[in-house]
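Have a look at the structure below, then the notes.
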Amino acid sequence: MSISVNTTRPLVSSPLASPTSPTLQSSRPQSIRKPLFPASRPLRPFPSVMTSGIRTATKKPIKIIEPPKNYHGGCFVLNLTQAELSRQD
């Protein structure tokens, strides 16, 4: 009894597979599809962002929250309410 081995390659439908025979798709004209969604346009920046370059000269410096000078620990807790934290001086 002899076993026959099929040496032909299976049909692969992947576009990444190397073609073993000329494909019929190349002779078919490609239809040009209309996009489903319109092209997006860039968003305009918010007015506060747009004018930030102009106001930088008159803007107050940022206050940095630091631990007390004699504190040598790794972290500290701010015991402030939301109103105290967002206070504008």
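Each value in this text was obtained by applying a stated rule to the coordinates, not by laboratory testing. Predicted model, so just to flag it, every value in this text is computed and none were measured. Methodologically, a virtual Cβ is constructed for each residue, glycine included, from the backbone with ideal geometry; neighbour enumeration extends over all protein chains shown.
Assuming R0 = 30 Å, what is the FRET efficiency of Ala83 and Lys59, from their Cβ-Cβ distance, to the nearest 0.05?
Using R0 = 30 Å, I get an efficiency of 0.85.
Given 0.36 nm per residue, what is the gain on full extension from Arg41 to Phe76 after removing their alpha carbon distance, in nm?
This chain segment gains 8.0 nm when fully extended.
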